Amino acid sequence: MSGLESAPRPLPDQEARTARPLCVQVVESDRAARSLLSHWLRSAGFTVVEGESEMPCDVACVEWSLAPGGTLALGALRSRHPALPILALSTPADAETALEAIRAGATDCLPRPFDQARLLSALGRLSGETEGRLRGARTGAQAFSDLALLGESPAIRDVHTQIERVIHRDVAVIVQGEAGTGLEVVASAIHQRSSRRGGPFLALDCAVLDAGQHEGELFGRELESRRAVPGLFEQANGGVVFLSNVDALSPQAQSSLSSFLSNQRIRHPDGRTSAPLSVRVIASTQRDLRALVQSGAFREDLFFRLVVYPIAVPPLRKRKTDIPLLVSEMLRGLGRDLGFPETCSMVPAALEALMEYSWPGNVRELENIVQRSLLASSGELITPQDLPAEVRVSGLAQGAANENGSPLFGTEIVPLREIERRAIEHALRLTGGSVALAAKKLGIGRATLYRRIASLELGVEVA
């Protein structure tokens, strides 16, 4: 930050880090903020270690504030790792707080609130990497935003664990789950964080092609002019091929794919055999492949060569506790893209309606619902009335709002102390625990808000 930059300490193992993803340690007590930080970093190609750990990392992001206890994490980390570059995430965003962080051992300071671009830029200053390098090369189209993997639920954290286990093991992976859960996002995450991240990531949806087209698209074809057109595998040499809906492959293409997985060679239409290629295959399916094998619709030899490491992605209805965090980040991004204030939020009654909905379209549907609701809203707050009809009919949104449309209290008469408590908790939840931001939204001073939190004995985490 301007006027506060110090000479960056050299990162350990400078040469080795170019051959592996940079490792970032994230020390943040607020679960929602920690999850969002980790998601941003993983989507940019980093390996992330959360919390205090003895695992050696290249750089650290550590919470920092002048509130009681807000300085402990940075001091403890600096004492254990004297040479580690540390980025302090400071609250509030003023020069005094930043200077104190630098004096306490931070290499640089990033004031809250910030977005992913500013975070990557700050880390780039510490690591000597550019934001483009951190994000990594990608040529495959994403199914939808990387938000599909954002969350703190046990179900989605298990997916991250499975990804970590397989990124450095160059084996075939099958990603299983419903449409809209982020199957291609998982495949892309494996590619970005593996040693193949500098190579192509080429995706093919097997279900959108006619059966007669599979062989030519994957393994090449010969035009009437007798000119050979290389297939997807030759184009992806050194990288990854992602086969979506692999169960839709024709019998001939299944046979050729099984042969390729066995020897990494391609037999061209003219009878020539290619030189050995180096392509990692990741596939996805929404069906039970073992049942298809038993019915004769899927080759057994291909099943065993393809299903080396299965990763199951949970549907959104199995991880509903992630919805508030997903909605918050979607609103931030959509607000920026559509010209709405990035501070736009969703009232609790509307959020409760989303929690009650069954989500047959999973995270992709949630993103669509949030976008439609934002466009229907005032741009500041999304109320139950702004939600699409299919969500409102759950009944929760209409039951939670009173005749005047109050989203917080329904038809009950609430004591003033309880109103104040709910308002403060709501503001802190929407601002990710930032006292400075919450105080600004509530129209009071930061010190006043700290006093009210103590007086009301609120059991909330603040930054």
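The values are calculated or read from the model by the stated rules, or taken from the named source; none is laboratory data. Here the structure is a predicted model, which is why all the values come from computation and not from measurement. All Cβ positions, glycine included, derive from the backbone under ideal geometry; neighbour counts span all protein chains shown.
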Please work out which residue is farthest from residue 389 (Cα to Cα), limiting yourself to segment 351-378 and to residues that are surrounded by fewer than 23 Cβ atoms within 10 Å (Cβ to Cβ) and hydroxyl-bearing (Ser, Thr, Tyr). 378
Right, residue 256: small (Gly, Ala, Ser), under 28 Å from residue 161 (Cα atoms) and touching a residue at least 24 places away in the same chain (Cβ under 8 Å) or not? no
Can you tell me which residue is nearest to the chain's Cα centre (by Cα) among those in segment 286-335 that are surrounded by fewer than 16 Cβ atoms within 10 Å (Cβ to Cβ), outside any loop (DSSP other than H, G, I, E, B) and free of Cβ contacts under 8 Å to residues at least 12 places away in the same chain? 304
Is at least one residue of segment 271-281 surrounded by fewer than 17 Cβ atoms within 10 Å (Cβ to Cβ), hydroxyl-bearing (Ser, Thr, Tyr) and over 28 Å from residue 176 (Cβ atoms)? yes
Leading residue by the ranking (surrounded by the most Cβ atoms within 10 Å (Cβ to Cβ)) among those in segment 100-125 that are more than 23 Å from residue 330 (Cβ to Cβ) and of a type in the set (A, V, I, L, M, F, W, C): 101
Every residue in segment 162-198 that is of a type in the set (Gly, Ala, Ser) and farther than 22 Å from residue 48 by Cα, please. 172, 177, 179, 180
In this structure, does residue 129 turn out to be charged (D, E, K, R) and at pLDDT 85 or above? no
Return yes or no: is residue 87 among the hydrophobic types (A, V, I, L, M, F, W, C), in the same structural domain as residue 41 (by TED's automatic domain parsing), assigned to a helix (DSSP H, G or I) and at pLDDT 85 or above? no
Pairs returned, first residue in segment 195-217 that is in the same structural domain as residue 281 (by TED's automatic domain parsing), second residue that is basic (Lys, Arg) and modelled with pLDDT of 85 or more, beta-carbon separation under 8 angstrom, 6 or more apart or interchain, are 196/280
Restrict the check to segment 240-262 and report whether at least one residue is acidic (Asp, Glu), over 13 Å from residue 303 (Cα atoms) and in contact with a strand residue (DSSP E or B) (Cβ under 7 Å, 6 or more places away or on another chain). no
Out of all the residues in segment 357-366, is one or more free of Cβ contacts under 8 Å to residues at least 12 places away in the same chain, out of contact with any helix residue (DSSP H, G or I) (no Cβ under 6 Å at 6 or more places or on another chain) and not assigned by TED's automatic domain parsing to the domain that holds residue 151? yes
Within segment 390-409, can one find any residue that is exposed (fewer than 14 other Cβ atoms within 10 Å of the Cβ), modelled with pLDDT of 85 or more and not small (Gly, Ala, Ser)? no
Among residues of segment 42-56, those that are buried (at least 21 other Cβ atoms within 10 Å of the Cβ) and free of Cβ contacts under 8 Å to residues at least 40 places away in the same chain, counted: 1
Given 184, 178, which one is part of a helix (DSSP H, G or I), of a type in the set (Asp, Glu) and modelled with pLDDT of 90 or more? 184
I'd like the full set of residues that are in a strand (DSSP E or B) and either within 32 Å of the chain's Cα centre (by Cα) or modelled with pLDDT of 90 or more (or both), limited to segment 263-285. 280, 281, 282, 283, 284, 285
Look through segment 100-118, keep the residues that are touching a residue at least 60 places away in the same chain (Cβ under 8 Å) and assigned to a helix (DSSP H, G or I), and return whichever of them is nearest to residue 88 (Cα to Cα). 102
Identify, please: which residue in segment 260-277 is in contact with an Asp or Glu (Cβ under 9 Å, 6 or more places away or on another chain) and not aliphatic (A, V, I, L, M) and is, among those, nearest to residue 311 (Cα to Cα)? 262
In the list 308, 293, which residue meets the criterion of being assigned by TED's automatic domain parsing to the domain that holds residue 259 and more than 22 Å from residue 237 (Cβ to Cβ)? 293
